[in-house]
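Below is one structure, written out as C-alpha cells; comments come after it.
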Amino acid sequence: MKPPLGVILAGGRATRMGGGDKGLLPLGSSTILDHVMTRLKPQVAKLALNANGGPERFAEYGLPVLGDSIEGFAGPLVGVLAGLDWAAEQGADAIVTVAADTPFFPTDLVARLIVAAEGMTYPLVLAATPRGAQETKSMSGSGLIRHPTFGLWPVALRDDLRVALTDGLRKVVIWTDKHGGREALFDEAGDPFFNVNTPEDLEQARDRLGAGV
C-alpha cells in the first residue's frame, strides 16, 4: 500500500464549546490544531483539513481545506468522504483521519493502523481502546471502544460510502462493520484519544500538556 494521506476532521459544530472551531483554541504556545498537525504530518504523505464555512480562517496552516459534499452536518463519515475524494485526485490508495480536537493521539497511529490492515483487500481499520468501565454505542463485539474519527479508509470504497450517506447512513461503525472493518488496539496508559469537548476539557488538556503526559 502507498503511504496514506492524512485528513484532519474539523467539520463539527462544537456546540458544547459555544460554537466555533475547537482546533483554533489556544493550547500552550500554539493551538490544538497545531498539536494535531505536528503529530500527524510526519506519519502521512500529504495533509488536508476537512472543515466547512470560510476556509480563510485556516489560511495560516497552509493546508487544503475540504468542505463536506453532503450538507447538514451529517457526521464524521461525510468528512471521511471528502477526504477520500481528495485522495482519489492525488492518486492515493487510502487516508488516515484524526479529529481536530484531539491533541495527544499516538505518534505511531498510522503505522499501527496499517499493521492491523495487513491482508485486507480494502484497508479499513478504526482505532480502539479497552472498554474498562465505560460503555458507548461505538463498543465492538470484542468489548473495545472504537474511535470513529481515527481510522484508515480505502479510496476504493468511496463511491459505496457516498451511496450509503445519500441513503441516510450516519453511524460510522454500521458502515465499517458492513465491510469487515477491523480494530487496532491502543492500550497504553492514559487516554490517547482524549478530546476537547468542553471548557473543562480544555483546562484538562492544558494541565496534561504542562505535565508532559
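The values are calculated or read from the model by the stated rules, or taken from the named source; none is laboratory data. Every value quoted in this text rests on a predicted model; they were computed, and no experiment measured them. Every residue, glycine as well, gets a Cβ built from its backbone with ideal geometry; the counts of neighbours run over all protein chains shown. All accessible areas refer to the heavy atoms of the entire protein, side chains included, with ligands and DNA or RNA removed. Shrake-Rupley method; radii C 1.70, N 1.55, O 1.52, S 1.80 Å.
Inside region 46-63, can you point out the residues that are within 23 Å of residue 2 (Cα to Cα) and among the aliphatic types (A, V, I, L, M)?
47, 48, 49, 63
Does any residue of region 47-69 turn out to be of a type in the set (Val, Ile, Thr), open to solvent by 20 Å² or more (accessible area, probe 1.4 Å), outside any loop (DSSP other than H, G, I, E, B) and over 29 Å from residue 185 (Cα atoms)?
Yes, the conditions are met somewhere in region 47-69.
Between a first residue in region 184-205 that is within 14 Å of residue 130 (Cα to Cα) and of a type in the set (Gly, Ala, Ser) and a second residue that is part of a loop (DSSP other than H, G, I, E, B) and open to solvent by less than 30 Å² (accessible area, probe 1.4 Å), which pairs have beta carbons less than 8 Å apart while being 6 or more apart in sequence or on different chains?
190/104
Residue under question is residue 82, and the condition is that it be over 15 Å from the mean Cα position of the chain (by Cα), open to solvent by less than 30 Å² (accessible area, probe 1.4 Å) and modelled with pLDDT of 95 or more; does it hold?
no
Could you give every pair whose Cβ atoms fall below 7 Å, whose first residue belongs to region 36-57 and is more than 17 Å from residue 106 (Cα to Cα) and at pLDDT below 95, and whose second residue is of a type in the set (A, V, I, L, M, F, W, C) and surrounded by 14 or more Cβ atoms within 10 Å (Cβ to Cβ), counting only separations of at least 6 or pairs across chains?
Short answer, once both residue conditions are applied: 51/10; 51/58; 51/65; 55/65.
Do we find a residue being under 23 Å from residue 168 (Cβ atoms), more than 14 Å from the chain's Cα centre (by Cα) and among the acidic types (Asp, Glu) anywhere in region 50-57?
There is no residue in region 50-57 that is under 23 Å from residue 168 (Cβ atoms), more than 14 Å from the chain's Cα centre (by Cα) and among the acidic types (Asp, Glu).
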